[in-house]
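The values are calculated or read from the model by the stated rules, or taken from the named source; none is laboratory data. Computed from a predicted model, the values in this text were never measured in an experiment. Don't worry about glycine lacking a Cβ; one is built from the backbone with ideal geometry, like all the others, and counts go over all protein chains shown.
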Amino acid sequence: MDSAGQDINLNSPNKGLLSDSLTDVPVDTALAAQTPAVEGLTEAEEEELKAELAKVEEEIVTLRQVLAAKERHCAELKRKLGLSALEGLKQNLSKSWHDVQVSNAYKKTQETLSQAGQKTSAALSTMGSAISRKLGDMRNSATFKSFEDRVGTIKSKVVGDRENGSENLPSPTGSGAKPLPDHTPF
């Protein structure tokens, strides 16, 4: 990897791409030459500090390049494994849902709703039993028996006529032998 020819600006859209110069390390040699040395430093100490500064700056450039290479390698590995941003989102949602399920608030809410469901089920069961009992009482009443007898009588007339071979139903006008006129509009 050529450290001098790579753009290492981490905010740059061209991060990690080759460029003609380092854009994030401005060095103005004329300005550096004009800057007076800090008082109390000898020329040897100043030269030593400048060399150390150059070395640290070079290490920073190298570390940025290594980081960019590692990020590219990481992205390539994720691509090969089929891990996408959507897959990461799914994993995050699954983990978050699991975290919610194990929380005390969720457990208390689940317990309360379970108890409410059991009480509702018991109430509906009691209500169903009461309705069944009332329907049974109603079926044994004189009114229902009378109604049942009338339905049975009508049924026997309808079914009885068909069993005897007559396909004509009794006329509502009382003349059983005449069929109804076939003037139906439908």
Notebook entry, point to check: Can you find a residue in the stretch 81-104 that is basic (Lys, Arg) and under 31 Å from the mean Cα position of the chain (by Cα)?
Noted result: yes
Next item on the list: Could you grab me the full set of residues in the stretch 158-169 that are surrounded by 10 or more Cβ atoms within 10 Å (Cβ to Cβ), in a helix (DSSP H, G or I) and at pLDDT below 85?
Entry: 159, 160, 161, 162
Notebook entry, point to check: Looking at the stretch 95-149, which of its residues are outside any helix (DSSP H, G or I) and not hydrophobic (A, V, I, L, M, F, W, C)?
Noted result: 103, 140, 141
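Per-residue answers, yes or no, for (1) among the hydrophobic types (A, V, I, L, M, F, W, C); (2) at pLDDT below 85:
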| site | (1), (2) |
| --- | --- |
| 106 | no, no |
| 114 | no, no |
| 138 | yes, yes |
| 144 | yes, yes |
| 171 | no, yes |
| 176 | no, yes |
| 179 | no, yes |
Next item on the list: Please state which of the following conditions residue 23 fails to meet, knowing it meets all the rest: (1) part of a loop (DSSP other than H, G, I, E, B); (2) of a type in the set (S, T, N, Q); (3) modelled with pLDDT of 85 or more.
Entry: (3)
